[in-house]
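A short write-up of the structure that comes next.
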Amino acid sequence: MPTTSRRWSHHVTETSDALDIEGGTFAQNDPKKIAAELKRDAERSHRRKSSPYRSAMSMLTFFINRAGRNLPAKRKKTLEQAKDELRRAFGVEDVQRKPAARPKAKKKSR
């Protein structure tokens, strides 16, 4: 695989209009600090096209997805908690998503 195609996430980070964030934001160990820094950066950024909340949540999700399987479970848990803190910081209600309903099996008639 060519080196350029492996670095797609770097290209997205450099050219995306999602958000300007300071280095070290995701290196924090406290979900509240991560959320606070993302909120501050989202509200200050001039690169974003969407609302500050959506831009901040997108960057956090992008970071989690970019790490993929290499992200340790403890770190992923911290970042997922940061999502909840980000929702609180922006005053967005936590939407409880229900799992997709499975179709019921038809009963056999005798």
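Things worth noting here:
- Within the stretch 50-86, the set of residues being in a helix (DSSP H, G or I) and free of Cβ contacts under 8 Å to residues at least 12 places away in the same chain comprises Arg54, Asn65, Ala67, Gly68, Arg69, Asn70, Ala73, Lys74, Arg75, Lys77.
- Every pair of residues 6+ apart whose Cβ atoms lie under 6 Å, when the first sits in the stretch 28-47 and is closer than 17 Å to Lys76 by Cα and β-branched (Val, Ile, Thr) while the second is part of a helix (DSSP H, G or I) and at pLDDT 90 or above: Ile34/Ala82
- Among the residues making up the stretch 52-110, those that are acidic (Asp, Glu) and at pLDDT 90 or above are Glu80, Asp84, Glu85.
- Scan of the stretch 38-51 for residues that are acidic (Asp, Glu) and in contact with an Asp or Glu (Cβ under 7 Å, 6 or more places away or on another chain), ordered by number: Asp41
- Of Thr4, Thr13, all but one fail to be loosely packed, with under 12 Cβ neighbours inside 10 Å, modelled with pLDDT under 80 and in a helix (DSSP H, G or I); the exception is Thr4.
- Test result for Ala36, among the aliphatic types (A, V, I, L, M), over 13 Å from the mean Cα position of the chain (by Cα) and assigned to a helix (DSSP H, G or I): yes
The values are calculated or read from the model by the stated rules, or taken from the named source; none is laboratory data. All values derive from a computational prediction rather than experimental measurement. Because the Cβ atoms are built from the backbone with ideal geometry, glycine has one as well, and the counts that use them run over all protein chains shown.
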